[in-house]
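Novice: Quick one: structure below, then a few questions.
The values are calculated or read from the model by the stated rules, or taken from the named source; none is laboratory data. Keep in mind it's a predicted model, so treat the numbers as computed, not measured. Counting neighbours? That spans all protein chains shown, and the Cβs are built from the backbone with ideal geometry, glycine included.
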Amino acid sequence: MNVSLSHLSKRFGSVTANDDISLRLLPGEVCALLGENGAGKSTLMKLLYGLLTPDSGEIQLDGKPVRIPSPRAAQALGIGMLFQQFSLIGALSVTDNLLLGARGVPFWLSKRTLARAQHRLRELAPGIDARRLARDLSPGEKQLVELSKVLSAGARLVILDEPTSLLAAPEAERLWRRLRELARAGHGVVLITHKLEDVAACADRVVVLRAGRVVLETRAVSDRDALVSAMLGAPLGRRPLKRAAAVAPPRLSVCQVCAEWGDQKLEQVSFELARGQILGVAGVTGNGQELLGRVLAGLLAPQAGRIALDERALVGPADPRIAYVPEQPLLNAVAGSLPLLVNLHALGVRQLPWWLSFESRRAGAQQLLERFDVRPPELDRPAATLSGGNVQKLVLARELSGEPALIVACFPGMGLDAAASRRLVDELLAHAERGAAVVWIGEDLDQLLAHADQVAVLQRGRLRGPVPVAQADRRELGSWMAGAAA
Amino acid sequence: MDGGGRGVTALPLQLSDSAQRPASPGVLAAAWRSSFRPGLRALLSAALLFVASASLFFLVLGRAPLPLFLALWDGSFGSGFALSETLVKASPVLLCALATALPAALGLISVGAEGQLGMGAIAGSAFVLLAGEGLGLATLPLMLLAGASGGAAYAALAGFLRARLRVNETISTLLLNYLPPLLIEYLVYGPWKDPASVGWPATISFPDAARPSTYFDTRLHAGLLIGLVLVAIFHVVATRTRFGLCLRLLRDSPLLAERAGLSFRNWVLWILLLGGAAAGIAGILEVSVIEGRLQSGVGTGAGYAGFLVAFLARGRPLRLLPLALLVSGLSAAGDNLQMSADLPSSVVYVLQGLLFAAALIAERRRSVPAFAAEVGGWTALGRPCSAGSCPRRSAARRLCSGRCSVRR
């Protein structure tokens, strides 16, 4: 199926998300859409998938102009889309989930229908038992089931929105392989991403979007520098940073901490961090990262063990010495219906005057938004109207603007583009230089190894390590993540 | 941004609507304005749907709709007397709407106004019967205080269950509604029964000192004024003060609120308690002004009508006023329907139900294609919103239509 988008434009109020974009998508080819947060990648694909309607421009399928008013229409035309969030129903088996999305499923489910669905799944992912419940699958397996679901709905063009953002490295590699195979089998594949490694690993062609326009279209998918400079508009320079030497006594000491929360637990977690040290906590998601963040931030009292910051115990959830960047910022760290201005001052709500007035705080807040590049930098805009990456920037602007003694950051880079992740790293390093202890719970081992002083691995609630980064062995860390015995 | 803030709600009991579009300057007040869009189209379609479904209902009863609508109008707003009766009915409804709207500002769904009203009636009556003699002018305020504390204490029970044991407040308040009417029955048939009355189960008539005065030769009483003042206070406090900001923080992100030093547990308790006090005042006023004694069936339906009003108001305090008038107009017209149109007065409950359903449908429906896509597409089977930052999805772990206006 030959898809061509010509002169598509889409505006949201004063923001132009897509500005006169023309693009051809060919069968048998993996096309990567690369760009920063808010570059318009997802918007463009939502136009194609019928979730949004273009303000102007035309979509042609095999030379014939089509109108795609809804996802259902898109599916009927053979266009399928995978979103970042999984749509599988956890309580149902893999087979049931596959049948939910499929076309032409008879009312009475015969063994043959089931077998057909399972056969399709086996072609794509031989390792997945179709009888398992969807909630027991790993993120990578879920992704493959989703993919199978979209394919069994008859999709010949598959759009994937940031598919590797939740995947561990081996799972991402498997997904890349599958996408290559799909392309070889004649499907068209569109990969929305802001990761260069996705592009290099599996794209035939890359289209770089910046500020709603196509700035580069090339088949040189491994040309890192060209892609980065097209994405950002200017090449990034690396800035060498010095760090204060670690001196005793420890700034943060965590001793034999046990905690439980939902289905997560921590067992006997102990470590010490000196002034100015960054601890990188690596691990596969779902091994207690969120809980560790909450406990260190003082939001959950541990069942056993003690945590001391500057040799004093934490004072509970509202400890002013701690900056905390939680996972899922929109749910956990901002009030979506309140303006950015109020969100920036949310932690000090008890110090606000009874009769609210924010006038004196506007200028400072405006500077913060600009310093952290929150887009659009409109103080009165409700936080929920920001894109995911910008919500994260808003949280960083609030949490990293003070002088905390401890910074606990749980997946702080989630949703950030290259420039914003750099700024995040710079800010964290600056705080470390000032003397703060930083616990950086992350998913990207490379990033942790590049910037942390010590690295540890969280696996099933147990902390392995920490070891100084200089002595860290990738393979050993990898085996810790996989749960090998000590 | 198509879709907007309105109508993406999947659960009918969501009492307030969150922001989706940029606000104008003015911080909190602006946030309130923008977060609850006026939705004129929804209002109109609700009205239309209501008239259509009510007509259908009348036709099923074998009656011509138009005369019945006229009878409804006559019985609610058609004459000075009808209007006064509507206003009399509006005062408990307004107070009970407050008892629902206040917890809703915190994201709680309390349906307990009915029970809190009953407990207020019992507590206020207990004060009058046990200590009401010889207090003179102090009687009335103390009686109101007793009624308020009765409602508050009863609501605090649900608040305690929610705060400490995480019992869902909707379930607990709903179930707690069954107790007060039975307790009243027990009291008026048993210990508090007026010995002078032969068959009629009721307490003795309240002394004059415990009967608030009525005005303009009607049954209008101070309850309406109390309700108006409380609504005005609620509006100002919620939109202009730190208290309102705290409510919004707690509703939007409990974790953030906790880090700001606000304790969700305490707030749940106190907000439910305040709401219960409003319903309790409604209860004792119904007893003391309207009946003059405690008897069974006091204030029946006002609690649920209040819930209906609070729901329709979508969390905007000032909207409680016209809506309370509308809903109590419907109840007031019940008597007229009975007398002039020979229909049982319980017809008004059917009409209230239709109004509620009409509002829900109008609220839910957006553009016809979006609606059709949602019903027809596999969105109905649970495809979550495509936007990673969709507040609807994450905030309540609810499925969003995927057409909400959150942009990536």
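Novice: Restricting the search to region A:183-216, which residues are aliphatic (A, V, I, L, M), modelled with pLDDT of 90 or more and in a helix (DSSP H, G or I)?
Specialist: Within region A:183-216, just A:Ala183 meets the criteria.
Residues are listed down the side, and each one gets a yes or a no for (1) surrounded by fewer than 16 Cβ atoms within 10 Å (Cβ to Cβ); (2) free of Cβ contacts under 8 Å to residues at least 24 places away in the same chain; (3) within 14 Å of chain B (Cβ to nearest Cβ); (4) of a type outside the set (Val, Ile, Thr):
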{"residue": "A:Met1", "(1), (2), (3), (4)": "no, no, no, yes"}
{"residue": "A:Leu8", "(1), (2), (3), (4)": "no, no, no, yes"}
{"residue": "A:Leu33", "(1), (2), (3), (4)": "no, no, yes, yes"}
{"residue": "A:Met45", "(1), (2), (3), (4)": "no, no, yes, yes"}
{"residue": "A:Leu61", "(1), (2), (3), (4)": "no, no, no, yes"}
{"residue": "A:Lys64", "(1), (2), (3), (4)": "yes, yes, no, yes"}
{"residue": "A:Pro69", "(1), (2), (3), (4)": "yes, yes, yes, yes"}
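Novice: I'm trying to understand the selection: among the residues of region B:286-299, which are in a helix (DSSP H, G or I) and within 17 Å of the chain's Cα centre (by Cα)?
Specialist: The one that is in a helix (DSSP H, G or I) and within 17 Å of the chain's Cα centre (by Cα): B:Glu286.
Novice: Tell me yes or no: at least one residue of region B:334-350 is of a type in the set (Phe, Trp, Tyr), assigned to a helix (DSSP H, G or I), over 26 Å from B:Phe160 (Cβ atoms) and away from chain A (no Cβ under 14 Å).
Specialist: So far as region B:334-350 goes, yes, one or more of its residues are of a type in the set (Phe, Trp, Tyr), assigned to a helix (DSSP H, G or I), over 26 Å from B:Phe160 (Cβ atoms) and away from chain A (no Cβ under 14 Å).
Novice: Out of A:Arg321, A:Arg312, I need the residue that is touching a residue at least 60 places away in the same chain (Cβ under 8 Å) and farther than 30 Å from A:Arg474 by Cα. Which one?
Specialist: Details: A:Arg312 fails: touching a residue at least 60 places away in the same chain (Cβ under 8 Å).
Only one candidate passes the filter, namely A:Arg321.
Novice: Pick from A:Leu114, A:Leu100, A:Leu179, A:Leu160: which is of a type outside the set (Val, Ile, Thr), part of a helix (DSSP H, G or I) and buried (at least 22 other Cβ atoms within 10 Å of the Cβ)? Give the derivation first.
Specialist: Values: A:Leu114 fails: buried (at least 22 other Cβ atoms within 10 Å of the Cβ); A:Leu100 fails: buried (at least 22 other Cβ atoms within 10 Å of the Cβ); A:Leu160 fails: part of a helix (DSSP H, G or I).
So the residue among A:Leu114, A:Leu100, A:Leu179, A:Leu160 that is of a type outside the set (Val, Ile, Thr), part of a helix (DSSP H, G or I) and buried (at least 22 other Cβ atoms within 10 Å of the Cβ) is A:Leu179.
Novice: Another question, then. Please enumerate the residues belonging to region A:341-385 that are closer than 27 Å to A:Gly38 by Cα and in contact with a strand residue (DSSP E or B) (Cβ under 8 Å, 6 or more places away or on another chain).
Specialist: A:Pro376, A:Leu379, A:Asp380, A:Arg381, A:Pro382, A:Ala383
Novice: Let me ask something else about it. Look at region A:298-313 and say how many of its residues are within 14 Å of another protein chain (Cβ to nearest Cβ) and in a strand (DSSP E or B).
Specialist: 0
Novice: On to the next question. Looking at A:Glu399, A:Glu443, A:Glu370, A:Glu427, which is the one that is in the same structural domain as A:Gly293 (by TED's automatic domain parsing) and more than 22 Å from the chain's Cα centre (by Cα)?
Specialist: Result of the check over A:Glu399, A:Glu443, A:Glu370, A:Glu427: A:Glu370.
Novice: Can you name the residue in region B:257-285 that is part of a loop (DSSP other than H, G, I, E, B) and touching a Lys or Arg at 6+ places or on another chain (Cβ under 7 Å) and is also surrounded by the most Cβ atoms within 10 Å (Cβ to Cβ) among such residues?
Specialist: B:Ala260
Novice: Which of the residues spanning region A:316-339 are more than 10 Å from chain B (Cβ to nearest Cβ) and either surrounded by fewer than 24 Cβ atoms within 10 Å (Cβ to Cβ) or assigned to a helix (DSSP H, G or I) (or both)?
Specialist: Passing the criteria: A:Arg321, A:Glu327.
Novice: Within region A:372-395, track down each residue that is at pLDDT 90 or above and farther than 24 Å from A:Leu196 by Cα.
Specialist: Passing the criteria: A:Leu394, A:Val395.
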